Amino acid sequence: MIGAGIIKGMLVTARNLIGSYFVAERLTTVQYPEEREKIAENFRNFPFLVFDGDDPSKGLRCVSCKICEKECPPQVIFIIQDRDEKGKPLKSPKVFDIDISACMSCQICVEVCPFDAIKMDNAFELSGSNRFGDLLLRKADLSKSNTYYHEIRPTEATAVDAALEEAAAKKKAKTA
């Protein structure tokens, strides 16, 4: 039937218009700076690095394997592996930068990370006065604690921590 899509769309619009006056959960305007809606747990915006413990430089889960850098579609992740005095590579990033001006928030870096070091944040107010400097997040800006991760995503963080503890227990049992 010609025009069936238009009729269905008009019915949805009419139902929402009438329902907004009679349903208890009305659609209301939120006065944004003063009032804020609760953000859903599965909301994602930009990636951040998770660290365990109190020191972000020592407890960082990232081992600079560079998988996320290779898999990133817009190539906005830049990693340099840290080295000791003799030039031997260490299992930590010296530089970990993400250019959020071109980040698509696709979550591919989170999916490919084998160490659960990268997670998606729900912070969306990232404005700054510097035109380009505030759009490049460095390792210090990206590092957030595991407790922060538990605050924004409690169910996912609990599952990740349980999986990491199980893997550590298996590794310990294997070496013993």
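The values are calculated or read from the model by the stated rules, or taken from the named source; none is laboratory data. In this text, all values refer to a predicted model and were calculated from it rather than measured experimentally. Cβ coordinates were reconstructed from backbone atoms using ideal geometry, including for glycine residues, and neighbour counts include every protein chain displayed.
Assorted remarks:
- Residue match in region 54-73 (condition: at pLDDT below 95, touching an Asp or Glu at 6+ places or on another chain (Cβ under 6 Å), farther than 24 Å from Ser145 by Cα and not aromatic (Phe, Trp, Tyr)): no
- Any chance Lys119 is surrounded by 12 or more Cβ atoms within 10 Å (Cβ to Cβ), farther than 19 Å from Glu41 by Cα and either of a type in the set (Lys, Arg) or within 14 Å of the chain's Cα centre (by Cα) (or both): no
- For Cys65: the one exception among (1) over 18 Å from the mean Cα position of the chain (by Cα); (2) outside any loop (DSSP other than H, G, I, E, B); (3) surrounded by 15 or more Cβ atoms within 10 Å (Cβ to Cβ): (2)
- When Ala140, Ala157, Ala117 are checked against the criterion of being touching a residue at least 60 places away in the same chain (Cβ under 8 Å), touching a strand residue (DSSP E or B) at 6+ places or on another chain (Cβ under 9 Å) and small (Gly, Ala, Ser), a single residue qualifies: Ala117.
- Qualifying residues in region 1-57 (those that are among the small types (Gly, Ala, Ser) and assigned to a loop (DSSP other than H, G, I, E, B)) - the one surrounded by the most Cβ atoms within 10 Å (Cβ to Cβ): Gly53
- Candidates Asp84, Asp99, filtered to the one that is touching a strand residue (DSSP E or B) at 6+ places or on another chain (Cβ under 8 Å) and loosely packed, with under 12 Cβ neighbours inside 10 Å: Asp84
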